[in-house]
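Engineer: After the structure tokens below, expect a handful of questions from me.
The values are calculated or read from the model by the stated rules, or taken from the named source; none is laboratory data. Predicted model, so just to flag it, every value in this text is computed and none were measured. Note: ideal-geometry Cβ built from the backbone for every residue, glycine included; neighbour counts use all protein chains shown. Accessible surface areas use protein heavy atoms only, side chains included; no ligands, DNA or RNA. Shrake-Rupley method; radii C 1.70, N 1.55, O 1.52, S 1.80 Å.
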Amino acid sequence: MKMAGTAILDLTRSNPTECGFSFDQKEIQTAFANPQMLQYRPDPRGLPETREAVSAYYRNRQTAVSPDDLIVTAGTSEAYSFIFRLLCNPGDEVLIPSPGYPLFEFLADLCDVKLIRYPLLYDHGWQIDFSALASAASSKTRAVVVIHPNNPTGHFTAAAQSSQLLQFCEQRGLALIADEVFLDFAHNRRPEKSFAAQQQTLTFTLSGLSKLCGLPQMKLAWIAVSGPIDLKREALARLEVIADAYLSVGTPVQAAAPWLLETRAAFQSQVLVRVDENLREIDARLRRRSACSRLKSDGGWSAVLRVPAVQADEDLAVALLKNKQVAVHPGHFYDFTQPGHIVVSLIVPKREFAEGIGRVLAFFD
């Protein structure tokens, strides 16, 4: 359709550099004028000043993370691959939430790791099904992944569920991998607690510039390691060996990181305003229709719509594209097991989003 010149309203757009946000170009350019980028000082854990800037980010959130407990990576995908290699032999298993982010399958395959899904249940909000989680664990299980807040459901793991999850991992000797790339995007603006602060079980907390600052092109992320001191010390030493084999994070972006992190507040405020506007648009239109609804969410950049399950999600997405010229993600992309779910990005520019959602809902009239 694009090749034919058809205008398409793309409600899957989630690249922040292409969604009309303003960035402090002068500040970013100044960050890369740091003369340190002309020197090569390889440090497998990341430059000390980079790790100190990340530690300061956590201090600002009232969370204590030492620079010595951080490993800097070239994106969270690399962080996952480092952790999978650290924890797993070929054929070992990692438990991941369903629904959840579709990239895990590819990362696990590349690391010869088998993913086992544990279900999230929806009843006026999302919860972990701990009975199913226990059933999913086996002698080959090495870690549990929690996405906080989840993508695409947008729910934060509640305090009681977090405690139960940590206890589950501790009792079974499992590591916890906490993906917090959307942590700063709580819709109510109240800071959510990070898993990076806990010491109960070996935990790897992931985040980075891609979402926090809207700068995916910088390819800078990190792993914060926490938990019992002996396990943490050994994990950091082994992660250092893995990171030292690649030294993949460039000096320029590491040297610029302290300044780049300072731009996050301006970017995040724009995103949260956009998300609020687009959620209000959805909800206002849904009040006039009974066939569709929006599943409750608390954070992140996505919305899940429940729609009449008259056909497979894939067929529905294709029909919306052909008949309404609107692109959405079918629910099965995110491992929804039942038809009748579509996922849209909440950072699409307001006018485009309103027109696109109008077309989607009109499809069911």
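Engineer: Is it the case that the stretch 7-18 has a residue that's outside any helix (DSSP H, G or I), at pLDDT 95 or above, under 30 Å from Leu239 (Cβ atoms) and of a type outside the set (Phe, Trp, Tyr)?
Structural biologist: yes
Engineer: Hey, another quick one. Among the residues that make up the stretch 139-154, is at least one of them without any contact (Cβ under 8 Å) to a residue 12 or more places away in the chain, farther than 30 Å from Asp24 by Cα, surrounded by fewer than 22 Cβ atoms within 10 Å (Cβ to Cβ) and not aliphatic (A, V, I, L, M)?
Structural biologist: yes
Engineer: Tell me the residue from Phe82, Phe104 that is in contact with a Leu (Cβ under 7 Å, 6 or more places away or on another chain), open to solvent by less than 30 Å² (accessible area, probe 1.4 Å), modelled with pLDDT under 95 and not small (Gly, Ala, Ser), please.
Structural biologist: One residue alone meets the criteria, Phe104.
Engineer: Every residue in the stretch 341-365 that is out of contact with any Ser or Thr (no Cβ under 9 Å at 6 or more places or on another chain), part of a strand (DSSP E or B) and of a type in the set (A, V, I, L, M, F, W, C), please.
Structural biologist: Ile342
Engineer: Wholly within the stretch 52-164, which strands (runs of 3 or more DSSP E) include no fewer than the required count, namely at least 1 residues that are among the aromatic types (Phe, Trp, Tyr)?
Structural biologist: By residue number, 114-122, 126-128.
Engineer: Just one of Ala134, Ala178 is closer than 20 Å to Leu202 by Cα and either at pLDDT below 95 or surrounded by 19 or more Cβ atoms within 10 Å (Cβ to Cβ) (or both); which is it?
Structural biologist: Ala178
Engineer: Hey, another quick one. Can you find a residue in the stretch 92-109 that is on the phi < 0 side of the Ramachandran plot and more than 22 Å from the chain's Cα centre (by Cα)?
Structural biologist: Yes.
Engineer: Lys296 versus (1) touching a Gly at 6+ places or on another chain (Cβ under 7 Å); (2) buried (at least 17 other Cβ atoms within 10 Å of the Cβ): which is the lone unmet condition?
Structural biologist: Of the numbered conditions (1) touching a Gly at 6+ places or on another chain (Cβ under 7 Å); (2) buried (at least 17 other Cβ atoms within 10 Å of the Cβ), the odd one out for Lys296 is (2).
Engineer: Please state which one of Ala327, Ala354, Ala319 is modelled with pLDDT of 95 or more and in contact with a strand residue (DSSP E or B) (Cβ under 8 Å, 6 or more places away or on another chain).
Structural biologist: Answer to the selection: Ala327.
Engineer: Additional query: Given the residues Lys219, Lys232, which is the only one that is touching a residue at least 60 places away in the same chain (Cβ under 8 Å), touching a strand residue (DSSP E or B) at 6+ places or on another chain (Cβ under 6 Å) and open to solvent by 20 Å² or more (accessible area, probe 1.4 Å)?
Structural biologist: Lys232
Engineer: Do we have Ser66 as polar (S, T, N, Q), over 30 Å from Ala53 (Cβ atoms) and more than 17 Å from the chain's Cα centre (by Cα) here?
Structural biologist: So Ser66 does not fit the description; no.
Engineer: Now, a different point. Kindly evaluate Thr337 against the criterion of being among the β-branched types (Val, Ile, Thr) and modelled with pLDDT under 95.
Structural biologist: Answer is yes for this residue.
Engineer: Now for a different question. From the list Gly5, Gly91, which one is more than 28 Å from Ala186 (Cα to Cα), surrounded by fewer than 13 Cβ atoms within 10 Å (Cβ to Cβ) and in contact with an Asp or Glu (Cβ under 8 Å, 6 or more places away or on another chain)?
Structural biologist: Selected residue: Gly91, the only one of Gly5, Gly91 that is more than 28 Å from Ala186 (Cα to Cα), surrounded by fewer than 13 Cβ atoms within 10 Å (Cβ to Cβ) and in contact with an Asp or Glu (Cβ under 8 Å, 6 or more places away or on another chain).
Engineer: Would you check which residues across the stretch 322-365 are surrounded by fewer than 18 Cβ atoms within 10 Å (Cβ to Cβ), farther than 28 Å from Ser269 by Cα and among the acidic types (Asp, Glu) and list them?
Structural biologist: Across the stretch 322-365, the qualifying residue is only Asp365.
Engineer: Please go through the stretch 252-267 and give me each residue that is open to solvent by 20 Å² or more (accessible area, probe 1.4 Å) and in contact (Cβ under 8 Å) with a residue 60 or more places away in the chain, ordered by number.
Structural biologist: Residues satisfying the conditions are Pro252, Pro258, Trp259, Glu262, Thr263, Arg264, Ala266.
Engineer: While we're on this one: Given the condition open to solvent by 20 Å² or more (accessible area, probe 1.4 Å), over 18 Å from Tyr334 (Cβ atoms) and at pLDDT 95 or above, answer yes or no: does some residue in the stretch 115-125 qualify?
Structural biologist: Checked the stretch 115-125: no residue is open to solvent by 20 Å² or more (accessible area, probe 1.4 Å), over 18 Å from Tyr334 (Cβ atoms) and at pLDDT 95 or above.
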